[in-house]
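The values are calculated or read from the model by the stated rules, or taken from the named source; none is laboratory data. Please read these numbers as outputs of a predicted model, since none were measured by experiment. Note that each Cβ is placed from the backbone with ideal geometry, even for glycine, and that neighbours are counted across all protein chains shown. Each accessible area value is taken on the protein alone, full model and side chains, heavy atoms only, with ligands, DNA and RNA left out. Shrake-Rupley method; radii C 1.70, N 1.55, O 1.52, S 1.80 Å.
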2 protein chains.
Amino acid sequence: MAVFTHVSAEEVAAFLCRYSVGELIALKGIAEGVQNSNFFVETTQGKFFLTLYEERVDITALPYFHSLLAHLHNAGCKVPRFIDDNDGNWLQQLAGRPACLIEFLSGVSATTPTAQQAYSVGDTLAQLHNAVEDFDGIRPNEMGADSWQSMAEKCGVDGLNSISPMLAKRVFDELDFLSVNWPRHLKSSAVHADLFPDNVLLLGNDVSGLIDFYFACTDLVAYDLAVTHAAWSFSSDGGTYLPQIGTAIVNGYTARRDLSDAIEVMPILFRGASMRFLLSRCYDWINTPANAFVTRKDPLAFLKRLDFYSKIDNPRDFLGL
Amino acid sequence: MAVFTHVSAEEVAAFLCRYSVGELIALKGIAEGVQNSNFFVETTQGKFFLTLYEERVDITALPYFHSLLAHLHNAGCKVPRFIDDNDGNWLQQLAGRPACLIEFLSGVSATTPTAQQAYSVGDTLAQLHNAVEDFDGIRPNEMGADSWQSMAEKCGVDGLNSISPMLAKRVFDELDFLSVNWPRHLKSSAVHADLFPDNVLLLGNDVSGLIDFYFACTDLVAYDLAVTHAAWSFSSDGGTYLPQIGTAIVNGYTARRDLSDAIEVMPILFRGASMRFLLSRCYDWINTPANAFVTRKDPLAFLKRLDFYSKIDNPRDFLGL
């Protein structure tokens with residue numbers, strides 16, 4: 001939860017004068033986001049998010065996110081646009097921070113998604129992947145497969161084993177497997193790379209918006225489906241696979257987009273997706289004091305997913321294809 | 001800033017089924033409030049606040065706040081109503097907490113108010129005081145004049161002097177003065193008792209809402225004006241009186257409501273208002289670790305106000321009456 005930088009209503013009202021969005025009528029700091037300060041802004045003409053990028057954010061990547069979201073919006077995807085000011089600028093300064101005014105999309109995030117919602121998520125992800133086929137922006141994935149060995153080394157053997165006995169051996173053995181077997185030949189494009197339930201807005205059973213593209217990057221298209229599958233298809237402790245959810249995501253996806261090139265290697269991509277979040281959560285766990293205000297997420301919820309995905313015998317059967 | 005208790009969209013959607021307010025289309029935790037968890041809720045029919053009362057809140061006082069706000073609303077005052085569910089209940093349970101759905105009012109809080117805004121605040125406060133003349137609810141002021149001696153004793157001589165050398169003597173001498181001179185004979189009624197700029201919503205120069213009635217209580221009517229004057233009419237460090245603001249508040253108030261009974265004792269009420277916030281801030285300062293997440297407010301900003309108000313020679317001249 002976060003509002004790191006405070007802005008006054010007077011500052012925001014003056015900021016909005018650069019835009020053609022009407023006059024400020026409501027301003028509320030939002031308790032979400034761990035790297036940005038986010039405000040709900042209502043004007044006489046609509047609702048918006050005002051995001052102030054804090055120091056930890058790499059603002060050199062903002063033009064990539066901007067052009068990706070503009071491309072997706074123009075292709076009919078339900079994503080929030082950056083709003084241009086009257087001079088065509090979408091990146092501003094406010095309260096000493098880089099700041100953007102962003103479209104506010106209706107919808108709420110599911111905590112216990114239904115199969116129908118999961119189907120819509122798969123469908124919407126396929127729509128996104130179809131839409132970026134002619135998007136030429138490039139951004140390396142800083143959390144991608146090539147980074148995992150060094151992330152694990154930063155956690156360290158002792159660090160990993162402090163989370164769970166023998167975790168280090170499990171991680172480094174798995175990394176050996178993944179480095180040999182990672183399907184680098186698969187098609188790459190822009191991907192969301194973090195499509196957890198928090199980042200999907202729903203109205204009833206239908207996706208109304210995909211949000212939080214700040215991990216978006218260039219990576220294997222099918223890896224994005226693997227991340228989404230891993231993020232949605234388990235109980236919150238990672239210990240129970242929810243087959244009706246996982247199957248619905250894949251069915252929603254394949255109804256709109258061909259997955260045949262990737263089916264046989266999906267287990268490896270699932271294992272990679274589990275490794276990526278296992279490692280980032282381990283790193284955060286080791287480097288966040290237990291009494292810090294930020295809630296630490298349990299790394300082992302992704303070790304359990306890794307264990308589960310490692311046991312897939314028949315990818316086609318598992319995926320229901 | 002605060003969301004202490006998390007609720008899922010599914011829980012809120014089910015909660016809203018008790019009401020005739022349409023279906024949930026947006027839910028955002030709000031980074032404000034230090035005793036409650038607050039959520040912005042949008043439905044197909046309107047915007048609301050969902051408030052969950054945390055353990056520190058005395059929920060036995062909620063019926064008083066409810067009836068006061070209903071009374072004020074019926075009298076035409078701009079205050080947020082508690083929304084009744086389909087069975088006429090306004091107090092619910094959600095996520096194990098007492099919970100209420102509350103009207104969302106448009107408007108933003110001023111950080112550097114204009115004289116026109118201050119006039120509207122005085123006018124709106126007088127409107128509130130007129131409206132409660134026939135309100136018969138009673139709630140003792142737990143932070144009222146009778147509580148200050150014990151608040152000061154809880155801070156202790158060492159505690160007070162740790163904030164500023166000689167502060168304890170200044171406080172206890174002032175408390176002796178106030179206990180002898182407090183104008184207990186003045187008219188009492190329901191008062192807001194905490195009408196800081198944060199608790200006033202404005203659209204342009206006009207008040208669009210008074211909010212956060214959780215300190216509302218029965219106390220001297222003119223004391224409420226004194227609190228408001230002290231809250232609005234100084235630079236943020238308390239060191240500079242802003243006469244155009246203070247005068248505008250009084251002018252706005254007296255244009256709608258007679259103050260003649262209280263004019264001569266307003267300096268004492270101003271000193272009491274300064275003492276009330278000096279003491280509560282001293283208590284919080286002494287009892288909040290410097291590295292806690294909650295920002296501690298500077299007690300001395302109210303010592304400066306106390307010093308300023310203690311030098312008023314001619315109340316009528318000072319008030320511009």
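Could you please find all residues in the stretch A:256-267 being more than 13 Å from residue A:229 (Cα to Cα) and out of contact with any strand residue (DSSP E or B) (no Cβ under 9 Å at 6 or more places or on another chain)? Selection gives A:256, A:257, A:258, A:259, A:260, A:261, A:263, A:264, A:265.
Of the numbered criteria (1) touching a residue at least 24 places away in the same chain (Cβ under 8 Å); (2) at positive phi, the one residue A:88 fails is (1). The strands (runs of 3 or more DSSP E) found entirely in the stretch A:8-73 that carry 3 or more residues being more than 8 Å from chain B (Cβ to nearest Cβ) are A:36-43, A:47-53.
Residues in the stretch B:224-243 that are open to solvent by 20 Å² or more (accessible area, probe 1.4 Å) and among the hydroxyl-bearing types (Ser, Thr, Tyr): B:235, B:236, B:240, B:241. Evaluating residue B:192 against the criteria (1) at negative phi; (2) over 13 Å from the mean Cα position of the chain (by Cα) leaves one unmet condition, (2).
Would you confirm, using the coordinates I've provided, whether residue A:199 is within 25 Å of residue A:32 (Cβ to Cβ) and surrounded by fewer than 15 Cβ atoms within 10 Å (Cβ to Cβ)? Considered against the rule, which asks whether it is within 25 Å of residue A:32 (Cβ to Cβ) and surrounded by fewer than 15 Cβ atoms within 10 Å (Cβ to Cβ), residue A:199 comes out as no. Taking the conditions (1) buried (at least 19 other Cβ atoms within 10 Å of the Cβ); (2) more than 30 Å from residue B:258 (Cβ to Cβ) in turn, residue B:192 satisfies each one other than (2). Checking each residue in the stretch A:200-257 for being over 22 Å from residue A:296 (Cα atoms), part of a helix (DSSP H, G or I) and among the β-branched types (Val, Ile, Thr) picks out A:221, A:245, A:247, A:249, A:250, A:254.
If I filter the stretch A:76-89 for residues that are within 17 Å of residue A:51 (Cα to Cα), away from every other protein chain (no Cβ under 14 Å), of a type in the set (Asp, Glu) and in a loop (DSSP other than H, G, I, E, B), do I get at least one hit? Yes.
Taking the residues in the stretch A:101-146 that are over 17 Å from the mean Cα position of the chain (by Cα) and hydroxyl-bearing (Ser, Thr, Tyr) as candidates, determine which candidate is farthest from the other protein chains (Cβ to nearest Cβ). Out of the qualifying residues, it is A:119. In the stretch A:13-40, the residues that are open to solvent by 60 Å² or more (accessible area, probe 1.4 Å) form Cβ pairs under 6 Å with partners that are not in a loop (DSSP other than H, G, I, E, B), at six or more places apart or across chains, as follows: A:23/A:43. Put simply, of A:124, A:111 the only residue that is closer than 24 Å to residue A:32 by Cβ and assigned to a loop (DSSP other than H, G, I, E, B) is A:111. Could we say that residue A:269 is closer than 27 Å to residue A:207 by Cα, open to solvent by less than 50 Å² (accessible area, probe 1.4 Å) and within 17 Å of the chain's Cα centre (by Cα) here? Criteria met by residue A:269. Touching a residue at least 40 places away in the same chain (Cβ under 8 Å), open to solvent by 10 Å² or more (accessible area, probe 1.4 Å) and part of a loop (DSSP other than H, G, I, E, B) - does that describe any residue in the stretch A:301-309? Checking the stretch A:301-309: not a single residue is touching a residue at least 40 places away in the same chain (Cβ under 8 Å), open to solvent by 10 Å² or more (accessible area, probe 1.4 Å) and part of a loop (DSSP other than H, G, I, E, B).
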